[in-house]
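These notes concern the structure reproduced below.
The values are calculated or read from the model by the stated rules, or taken from the named source; none is laboratory data. Keep in mind that what you see is a predicted model, and the values were worked out from it rather than measured. Note that each Cβ is placed from the backbone with ideal geometry, even for glycine, and that neighbours are counted across all protein chains shown.
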Amino acid sequence: MSLLSFLDRERTVAGPGFSRWMVPPAALCVHLCIGQAYALSVFNLPMTKLLGITASTPEDWKLTQLGWIFSLAMLFLGGSAAVFGRWVEEGGPRRAMFTAGCLWAGGFLVSAFGVSIHNLWLIYLGYGVIGGCALGIGYISPVSTLIKWFPDRPGMATGMAIMGFGGGAFIASPLSVWLMGKFTTATHVGVMETFVIMGLIYFVFMMVGAAIVRVPAPGWKPEGFVAPKENKLISKNDVFVYDAVKTPQFWLIWWVLCLNVTAGIGVLGQASAMSQEMFPGKITPIAAAGFVGLMSLFNMGGRFFWASTSDYIGRKNTYFVFMVLGFVLYCTVPFAGSTSNVVLFVCCFLIIISMYGGGFSTVPAYLKDMFGVRYVGAIHGILLTAWSAAGIFGPVIVNYLREYNITHGVPKAQAYNNTMYIMAGLLVIGFICNFLVRAVNQRYHMKPENDTLGSPAAARG
């Protein structure tokens, strides 16, 4: 028996008496670590001064260049989730969590080396590519497992699985600022040391999650479980993963997620810098870091709240709320900036970010309703390519439109106004896509007698 046999799916099957409530903490161990991605913006301004220390020099990196670190991470998150989704399903959550932990720590260490020699391409490789793969594999690793442990509350289950990803920045943001402060000197910005320490801390916690996670035994159901009544948008039939992507429902939900994420991710990626530029003198770097942490808290809470709410009002209705309320709030942000109303600005974005997080946590249950539970993890992995696309669209819209406005004489405090109206327009398109979602045609349903054959042809019967 090899040492790595500990990672085999067979070694993670829960025995009699195992409490399903042990699985959410395992998921949180991973998601709270990889959720650091949402706090990456606190490094942006310091990394524009690695050479100049107190002010940027011509040789220092620009915010537009640094913005691609986050975009690359989101691109590889979706790509790795799509490519390795079935591998995660078949190998089990422990193997996936272990792999994600190694990649996540390795990405930080490579990035730290890139900072030390001032090589941006190494940071693109470390955090963007290696770290992005860790994000994708780690993100989907506990989702289908928790849905199987909580068939009575699939929305709540996915909320528990994914809330940690939204809350990771609540820990990482102040921790990053504190560590950089400890290592910063008159001739050095402490980004490199911070990357090393955080990578090692995250590795330890992700290994704890991998050690305690379990999958339910075949046929297991919670005591007193009663299957929900079937309706047009909640199917009891499974759809094979590669047949699911042939349905219009998959692509409509893909666009719903992509547009909802695009509208939030660009702002989230530049939250620290944007808040300081829209309210110069009112929001300090420390206050901006606090704002990022507060957004993380609402991102995390929204994931649990909205996903749990969807168990009662339905997934489709939940997304209607996101699109309509989000449209109103994005249109309100420019007014908050023009009137220097920091409280209104903060409130708008806290609600927006709660719905942004809620969109992520609700979509696995949406997919489970559409395509059944058998392949929901792999289908979810492919759907996360929408996140990859949004990870490019959102930051590009925010960063380059900001730079265009500033170079054409628009004050920094007003440079984000047009962006907010564009985000509101994207949500209108998302509303239409969600409206068009209907039940999956029964010709895509798997036949029970062919369920174990595992091929597209057998799945269709």
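Worth pointing out:
- Where a residue in segment 148-171 is of a type in the set (Val, Ile, Thr) and its partner, wherever it lies, is not in a helix (DSSP H, G or I), with Cβ under 9 Å and at least six apart: 158/150; 162/142
- Being at pLDDT below 90 and more than 25 Å from residue 382 (Cβ to Cβ) is a property that holds for residue 45.
- A single entry from 132, 159 fulfils the requirement of being modelled with pLDDT of 85 or more, part of a helix (DSSP H, G or I) and within 30 Å of residue 16 (Cα to Cα): 159.
- Residue 207, sole failed condition from (1) part of a loop (DSSP other than H, G, I, E, B); (2) modelled with pLDDT of 90 or more: (1)
- Test for residue 83: is it assigned to a helix (DSSP H, G or I), of a type in the set (A, V, I, L, M) and surrounded by fewer than 22 Cβ atoms within 10 Å (Cβ to Cβ): yes
- Residue in segment 119-132 that is in contact (Cβ under 8 Å) with a residue 60 or more places away in the chain, among the β-branched types (Val, Ile, Thr) and out of contact with any Pro (no Cβ under 9 Å at 6 or more places or on another chain) present: no
- Within this structure, residue 298 fails the test of being under 19 Å from residue 367 (Cβ atoms), in a helix (DSSP H, G or I), aromatic (Phe, Trp, Tyr) and modelled with pLDDT of 80 or more.
- Qualifying positions in segment 212-256 - among the aliphatic types (A, V, I, L, M) and either without any contact (Cβ under 8 Å) to a residue 40 or more places away in the chain or not in a helix (DSSP H, G or I) (or both): 213, 215, 217, 226, 227, 233, 234, 239, 245
- None of 113, 108 is in contact (Cβ under 8 Å) with a residue 12 or more places away in the chain, out of contact with any strand residue (DSSP E or B) (no Cβ under 6 Å at 6 or more places or on another chain), closer than 27 Å to residue 146 by Cβ and in a helix (DSSP H, G or I) except 108.
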